[in-house]
Amino acid sequence: MASSGPIFREEAIESHLRGTDREGRTLRLEIWWLRWSFWLLLAMVVAGLVLVAVTPAGGSSTGPAVIDSRTGRFAALFPVAVAPELRVATGLDAILPGGSRRSLKLGSMRVRLASAALASQAGLRPPNQPSILLTGRLPSVPAGSAGPVHASAVLTLPGRPLAAVLGQELKAMLGQGAIGG
């Protein structure tokens, strides 16, 4: 199948013969969606930065606890990293066997650096990481069992803007501050 017409258009041949008169000119893309997508991407980046600046990042820390229902005393172990946050913590709850939750009073506790001996004395397994031991007395003794009840303690920490948390973690990674404090 041979075609009788030329392979190239006449305008293409003329442009090729002219050669270098168009060299060095800026390529201009006049596609409508290219400009639209740039502004959409820019708006999404700005919205993301605003969200990072204002979104609160609350947290919690969980550790083992024991509650003596005869005396009303409680003891809980938490990682030492939460120690700076204790002064602003918003709650301390015990999750008892069976899933029920009991609020523990934050103001009536004592904080000490946990050693294996202190943890054992409180009825807890010795910690395998640097920990603090929170001890205190419940306002009212829970009804039910007549001895120590092993539970999980949940320390609720206040929300801070995500940007502040990320900045603090970055400073800690660079060796200029403490993580979590």
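All of the numbers you see were taken from the coordinates with simple rules; none came from a lab. What you see is a predicted model, and the numbers here were worked out from it, not measured in a lab.
Long-range amide H contacts for ALA114: which residues qualify at under 5 Å (H placed 1.01 Å from N, peptide plane, sequence gap of 5 or more or a different chain)?
SER131, ILE132, LEU133
Karplus couplings for the range 78-83 from phi (6.51 cos²θ - 1.76 cosθ + 1.60, θ = phi - 60°), rounded to Hz, Gly and Pro as x?
These are the phi-based 3J(HN,Hα) values: 9, x, 4, 5, 8, 3 Hz.
Just the projected area, averaged over all directions, of the convex hull on the alpha carbon atoms of the range 24-117: how many nm²?
That works out to 13.6 nm².
Taking every Cα atom in the range 34-174, find the radius of gyration and the maximum pairwise distance Dmax, and write them in Å.
20.4, 73
When you have a sec, figure out the Kirkwood radius of the range 67-132 from all distinct Cα pair distances and drop it here in Å to one decimal?
After inverting the mean inverse Cα-Cα distance, the result is 13.0 Å.
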